[in-house]
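Reviewing the structure listed below.
All of the numbers you see were taken from the coordinates with simple rules; none came from a lab. Nothing here was measured: the structure is a model prediction, and the numbers come from that model. Neighbour counts are summed over all protein chains in view; Cβ atoms, including those assigned to glycine, are modelled from backbone coordinates with ideal geometry.
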Amino acid sequence: MKYYFYVKNFALVANEEEGQGLAEYGLIIALVAVIAIAGVTAFGTDISAFLTGLSAQLGF
């Protein structure tokens, strides 16, 4: 009889999906971080030159 309750409780716990949302948000954040790093790597010098020229024009 105890075995039945263990199996029933395990089935109830196995159907919970609370941690799934957290894992999906973690994957989205990781993807955004990879895209941001790739963008900074590809356009980093161009952005730096643009900001340097802009600060020179503004007199900073």
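Okay, here's what the table says:
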| item | result |
| --- | --- |
| The range 20-60: C-alpha gyration tensor shape, a/c 1.5 cut-off, then a/b vs b/c | prolate |
| Label-point separation in nm, A33 to L51, each point 7 Å along Cα→Cβ | 2.1 nm |
| Phi to ³J(HN,Hα) by Karplus 6.51 cos²θ - 1.76 cosθ + 1.60 over the range 22-37, Hz, x for Gly, Pro | 5, 5, 5, 5, x, 5, 5, 5, 5, 5, 5, 5, 5, 5, 5, 5 |
